[in-house]
Amino acid sequence: MHMGESARLLLREHLPLNIQQEPVMSAQNKNQSFYDIHISGIGFLDRIRMVTPKDREPFMAVTVGLQDGEVLDGDYSKVSTTYLDCIVSGPRVFNILNDHVLQENVDQANTVIRAVVKTGGLDAETFTYTQGPKQGQTGVSLKSRLFQITHLYIAGDAVDLSGYQDAGTSAGDGL
């Protein structure tokens, strides 16, 4: 399902992140181009996992909680978090997360994992809450693909990413 007008309006109200719409040239045909929305920011990585669907190849997925707002003297009360459900795109990001989180068996539930990231291919799906205080209300799930990590911090420690080569990303990678 592609982003409907109601989802677009909700995004405009609740997504004050660094969003850029950039023309991307296709590698196959230099005469073809399309626009791809890129979102860059810093936030938390959560639920890093391998997904094995029945009808296609396994892939890595992650929830990115991008943060936006002002921090004053350690007061984070003005910071909001926007969550993106992402498919990991490209071997560099895959290898970084696989090597430093999955293979190291990092306890994701009890370890803060922060990163500076770039995502693309933003899409939204609406759903209806089935339980809890929002039961019956419409919600929006944001989908994207995570194609760049420039900095990674696990439990406050910076991870050296210099050994990971950037093989580039394919603009046609989608959700």
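The values are calculated or read from the model by the stated rules, or taken from the named source; none is laboratory data. In this text, all values refer to a predicted model and were calculated from it rather than measured experimentally. Reconstructed Cβ throughout: ideal geometry from the backbone, glycine too, with neighbour counts over all protein chains shown. Note: accessible area is taken over every heavy atom of the protein model, side chains too, but ligands, DNA and RNA are not part of it. Shrake-Rupley method; radii C 1.70, N 1.55, O 1.52, S 1.80 Å.
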Using a 7 Å offset from the Cα along the Cα-to-Cβ direction at both Leu72 and Glu125, what is the distance between the two label points in nm, to one decimal? 4.0
Identify the chymotrypsin sites (Phe, Trp or Tyr not before Pro) of the range 73-149 meeting these criteria: DSSP loop state and at most 16 other C-beta atoms within 10 Å of the C-beta. Tyr76, Tyr129
Could you sort the peptides 68-74, 116-122, 47-53 by per-residue average Cβ neighbour count (10 Å cutoff), highest mean leading? 116-122, 47-53, 68-74
Could you check the simple spin-label distance between Val159 and Tyr35, using points 7 Å along Cα→Cβ, in nm with one decimal? 3.4
Accessible surface of Asp157 - all protein chains present, 1.4 Å probe, nearest 10 Å²: 100
What do you reckon, how do Lys54, Lys134, Lys143, Lys78 stack up by accessible area (1.4 Å probe), largest on top? Lys54, Lys78, Lys134, Lys143
